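Trainee: Dropping the structure in here first, questions after.
The values are calculated or read from the model by the stated rules, or taken from the named source; none is laboratory data. Computed from a prediction, not measured in an experiment: that's the story for all the values here. Ideal geometry is used to build each Cβ from the backbone, glycine not excepted, and the neighbour counts take in all protein chains shown. Calculation scope for accessible area: heavy atoms of the full protein, side chains included, ligands and nucleic acids excluded. Shrake-Rupley method; radii C 1.70, N 1.55, O 1.52, S 1.80 Å.
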Amino acid sequence: AHSGGNPLFIEEIVKALTAGGTIAQTDEVWRLAGDFEDFEVPDSIDSVITTRIDGLEPTARKVLQYAAIVGRRFWSNVVGDALAQRPVDTEMEALVEASLVRAEPSSAVAGATEYAFEHLLLQEVAYGGLLNRVRSELHGTVAAWFEKLPSREPGEYDDWIAYHFEHSAEPARAVPYLE
């Protein structure tokens, strides 16, 4: 009744039940593995996703929020270098394991692993968990990272730089990249 037939809602509920140890899959058979009576079905898909994100380790949750700033597709090096200011490989593995993001077979940024959120709503909920002031600051940091990328050809990544400056505290810095 809560899902209204939305398959994403059902998929996220199954992931939440699995992450919480309530159900488990063994030999392609799903079985009850914990106490189902403690599980409350959330009212909305956003609630399900928020619950899953809140269940992450704090560092993985922060990396997921940083990734949401970059966009639906993102690169571990921009998240690590510009936002977390440290390697984020461990957190990326945890996010892939949790089926929140996936590694892509190719990358639009040379020498970087590209990831994508499993669903746009996952990115939107992670993004919404940050204060507007923090979002604005982080967008500016991402734009500056792309600006200073040593291997960047003239005009390369201009659309991403413009997007992030538009959403930063200095939107006027987007103008040269929009032109």
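Trainee: Cβ contacts < 6 Å: first residue farther than 19 Å from Trp160 by Cα, restricted to region 121-142; second residue among the hydroxyl-bearing types (Ser, Thr, Tyr) and open to solvent by 20 Å² or more (accessible area, probe 1.4 Å), any location; separation 6+ or different chain. Result?
Mentor: If the second residue must be among the hydroxyl-bearing types (Ser, Thr, Tyr) and open to solvent by 20 Å² or more (accessible area, probe 1.4 Å), the pairs left are Val125/Thr50.
Trainee: Still on this model: Considering only region 75-91, I want to know if a residue exists there that is modelled with pLDDT under 95, more than 23 Å from Ser107 (Cα to Cα), open to solvent by 80 Å² or more (accessible area, probe 1.4 Å) and assigned to a helix (DSSP H, G or I).
Mentor: No, every residue in region 75-91 fails to be modelled with pLDDT under 95, more than 23 Å from Ser107 (Cα to Cα), open to solvent by 80 Å² or more (accessible area, probe 1.4 Å) and assigned to a helix (DSSP H, G or I).
Trainee: Kindly evaluate Ser107 against the criterion of being over 15 Å from Tyr66 (Cβ atoms) and over 18 Å from the mean Cα position of the chain (by Cα).
Mentor: Taking the combined requirement at face value, the residue does not satisfy it.
Trainee: In addition: In region 161-176, is there at least one residue being farther than 16 Å from Ile69 by Cα and touching a Ser or Thr at 6+ places or on another chain (Cβ under 6 Å)?
Mentor: No.
Trainee: Tell me, yes or no, whether region 55-69 has at least one residue that is part of a helix (DSSP H, G or I), out of contact with any Gly (no Cβ under 7 Å at 6 or more places or on another chain), surrounded by 14 or more Cβ atoms within 10 Å (Cβ to Cβ) and among the basic types (Lys, Arg).
Mentor: Looking through region 55-69, at least one residue is part of a helix (DSSP H, G or I), out of contact with any Gly (no Cβ under 7 Å at 6 or more places or on another chain), surrounded by 14 or more Cβ atoms within 10 Å (Cβ to Cβ) and among the basic types (Lys, Arg).
Trainee: Out of all the residues in region 146-169, is one or more among the hydrophobic types (A, V, I, L, M, F, W, C), over 17 Å from Ser76 (Cα atoms), at pLDDT 95 or above and assigned to a loop (DSSP other than H, G, I, E, B)?
Mentor: yes
Trainee: Looking at Ala162, Ala110, Ala94, which is the one that is more than 28 Å from Glu11 (Cβ to Cβ), among the hydrophobic types (A, V, I, L, M, F, W, C) and open to solvent by 20 Å² or more (accessible area, probe 1.4 Å)?
Mentor: On inspection, the qualifying residue turns out to be Ala110.
Trainee: Shifting gears a bit: Filter region 7-45 down to the residues that are more than 15 Å from Leu122 (Cβ to Cβ) and among the aromatic types (Phe, Trp, Tyr), then identify the one that is least open to solvent (accessible area, probe 1.4 Å).
Mentor: Phe39
Trainee: Right, here's the next one. Given (1) under 14 Å from the mean Cα position of the chain (by Cα); (2) surrounded by fewer than 17 Cβ atoms within 10 Å (Cβ to Cβ), where does His119 come up short, assuming only one miss?
Mentor: Only one criterion in (1) under 14 Å from the mean Cα position of the chain (by Cα); (2) surrounded by fewer than 17 Cβ atoms within 10 Å (Cβ to Cβ) is unmet by His119, namely (2).
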